[in-house]
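Report on one structure; see the data block that follows.
What follows is calculated from the coordinates using simple rules that are stated; it is not laboratory data. Just so it is clear, the structure is predicted and the values come from calculations on it, not from any experiment. Reconstructed Cβ throughout: ideal geometry from the backbone, glycine too, with neighbour counts over all protein chains shown.
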Amino acid sequence: MNIAENLNLVRRQLPSGVKLVAVSKTYPAGPIQKALEAGQTCFGESRVQELTVKQARFPQLEWHFIGHLQTNKVKQIVSFVGLIHSVDSLRLLQEINAQAVKAGRVVDCLLQAYIAREESKFGLDADELHGLLARCSDGAFPGVRICGLMGMASNTPQSEVVRAEFRALRAIFDAAKKQYYADKSYFCELSMGMSSDYSIAVEEGSTMVRIGSAIFGHR
Ligand SMILES: *Cc1c(COP(=O)(O)O)cnc(C)c1O
């Protein structure tokens, strides 16, 4: 596996407006260093412990949190995290806000929408999403800036199912933008697409893809 080649292969398939988050979870410092040497500066992790260790080793990089975040661990990442993709409850949002205010920061976040058919995925359903958006957009959380939405499609080889789920998320994003953030240019990110489905996600309007194994190899 040549990480620089893999990165270039992925980059060639991304339109210029789409940001690549290199998902380095489970990979040690060596592969991250290789990706960094190949010009990658934004990385994603899904466990707090792993993120804090890697951020301490590579503090110059932009670190995103993409996994399920427990409220009691928010304070460990709030001082440096570049974007939290996976806000999936009011309680979590309240805790991020409280810790961010304490740290004197405004933390960029995405709300994670539930779009897959599978039971196991975290995320907000349509009602919960609207409830949170309504509260966020009226200034209730000064330590948080909601920059858009994130979603994961079903893990299925049926590409038409995946496409329909991404398309549904795009529609939710457009409606949310119109209703709550029409005059806010920062509400512009739609994080969707992983190694197996990013081409479809990009076709359906993704602005940010989270790609691990296609860059670093199979975990
Ligand atoms: C692991 C993970 C990814 C990357 O998955 P790959 O299939 O390795 O590209 C993307 N998003 C989330 C939320 C993840 O946990």
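What to note about this one:
- Boolean, residue 99 is assigned to a helix (DSSP H, G or I) and either surrounded by fewer than 19 Cβ atoms within 10 Å (Cβ to Cβ) or hydroxyl-bearing (Ser, Thr, Tyr) (or both): no
- All of (1) buried (at least 21 other Cβ atoms within 10 Å of the Cβ); (2) of a type in the set (Ser, Thr, Tyr); (3) without any contact (Cβ under 8 Å) to a residue 60 or more places away in the chain hold for residue 206 with one exception: (3).
- Within the stretch 44-64, being acidic (Asp, Glu) and touching a residue at least 24 places away in the same chain (Cβ under 8 Å) holds for one residue alone: 50.
- Flag if residue 29 is out of contact with any Phe, Trp or Tyr (no Cβ under 8 Å at 6 or more places or on another chain), of a type in the set (A, V, I, L, M, F, W, C) and surrounded by fewer than 20 Cβ atoms within 10 Å (Cβ to Cβ): no
- The stretch 65-75 - residue that is surrounded by fewer than 16 Cβ atoms within 10 Å (Cβ to Cβ) and part of a helix (DSSP H, G or I) and, of those, farthest from the ligand (Cβ to nearest atom): 72
- Exactly one residue out of 148, 123 is within 16 Å of the ligand (Cβ to nearest atom), more than 26 Å from residue 16 (Cα to Cα), touching a strand residue (DSSP E or B) at 6+ places or on another chain (Cβ under 7 Å) and among the small types (Gly, Ala, Ser), and it is 123.
- Considering the stretch 173-219, and only residues there that are within 26 Å of residue 36 (Cα to Cα) and acidic (Asp, Glu), the residue that is nearest to the ligand (Cβ to nearest atom) turns out to be 197.
- None of 195, 191 is of a type in the set (Ser, Thr, Tyr), in contact with a Ser or Thr (Cβ under 9 Å, 6 or more places away or on another chain) and in contact (Cβ under 8 Å) with a residue 60 or more places away in the chain except 191.
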